[in-house]
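Remarks on the structure that follows.
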Amino acid sequence: MTIEQQVDTPRKRSRRDEILQIAVGLFATRGYHGVSMDDIGKEAGVTGPALYHHFAGKDAMLVAALKPVSEGLLSGGRERAEAHQGEPTAALEALVDFHVEFALANPAVIALHLHELDRLPEEPRREIRRLQRRYVEEWVSVLTAVRSELTDGEARVLAHAVFGLMNSTPFLAGEVDRDRRAVLLRAAALSALSA
């Protein structure tokens, strides 16, 4: 499932998607090593061995959870930047809106990424890091167009800082409703990027 599908156009989920969502939730709350295939199977209502019809193992689940996210962020970021080509301020606002929506819709995936990415086998981890760097470069291009005084390195610092702010969703209490959280995160991100 791509980010576009998660954020923009929900689709009917397959059994594989359901199992993956359960695994992501368990990994995010208990940690990768704190969850067995049997635990995932129990939550999904199947035996642990039946999970192997969908995934080769926990590593495959982690890759299936994290790689499409990075691919979707990159493609979604590119689309928003290209849709506002020649309008860097509008492009930056669109990037912030896109990422805030993603972060609010996927706090478990963010927690999983923050805590478990380094547990992936080397090749998929390298690929995910490459996709992430390309996503950051979309932000750098837009930021340096909005703020010509910034070097690329300075724009990268700001982009990473704002990702930290927007990706705080796994740690936000539910005492503020989702729409208000979106408004607050968007305003804070834009303020940080323009300061």
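The values are calculated or read from the model by the stated rules, or taken from the named source; none is laboratory data. Everything numeric in this text was worked out from a predicted model, so none of it was measured. Cβ coordinates were reconstructed from backbone atoms using ideal geometry, including for glycine residues, and neighbour counts include every protein chain displayed. Side chains are part of the model used for accessible areas, which takes the heavy atoms of the whole protein and leaves out ligands, DNA and RNA. Shrake-Rupley method; radii C 1.70, N 1.55, O 1.52, S 1.80 Å.
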Residue within the stretch 67-86 that is under 22 Å from the mean Cα position of the chain (by Cα), among the polar types (S, T, N, Q) and buried (at least 20 other Cβ atoms within 10 Å of the Cβ) present: yes
Flag if Ala91 is closer than 20 Å to Leu165 by Cα, open to solvent by less than 10 Å² (accessible area, probe 1.4 Å) and either out of contact with any Cys (no Cβ under 6 Å at 6 or more places or on another chain) or assigned to a loop (DSSP other than H, G, I, E, B) (or both): yes
Condition check for Ala56: surrounded by fewer than 15 Cβ atoms within 10 Å (Cβ to Cβ) and without any contact (Cβ under 8 Å) to a residue 40 or more places away in the chain: yes
Neighbours by Cβ (under 7 Å, 6+ apart or cross-chain): first from the stretch 145-159, touching a residue at least 12 places away in the same chain (Cβ under 8 Å); second of a type in the set (Ser, Thr, Tyr): Val146/Thr89; Asp152/Thr144; Ala155/Thr144
Out of Arg130, Arg126, Arg178, sole residue that is exposed (fewer than 14 other Cβ atoms within 10 Å of the Cβ), farther than 22 Å from Gln85 by Cβ, touching a residue at least 60 places away in the same chain (Cβ under 8 Å) and out of contact with any Asp or Glu (no Cβ under 6 Å at 6 or more places or on another chain): Arg178
Unique match (being under 19 Å from Ile128 (Cα atoms), among the basic types (Lys, Arg) and either touching a residue at least 60 places away in the same chain (Cβ under 8 Å) or in contact with a helix residue (DSSP H, G or I) (Cβ under 9 Å, 6 or more places away or on another chain) (or both)) among Arg15, Arg78: Arg78
Enumeration of residues in the stretch 158-175 that are open to solvent by 70 Å² or more (accessible area, probe 1.4 Å) and at pLDDT 90 or above: His160
Number of the exception - Leu117 against (1) without any contact (Cβ under 8 Å) to a residue 40 or more places away in the chain; (2) crowded, with 16+ Cβ neighbours inside 10 Å: (1)
Checking Ala189 against (1) at pLDDT below 95; (2) crowded, with 17+ Cβ neighbours inside 10 Å, the condition it does not meet: (1)
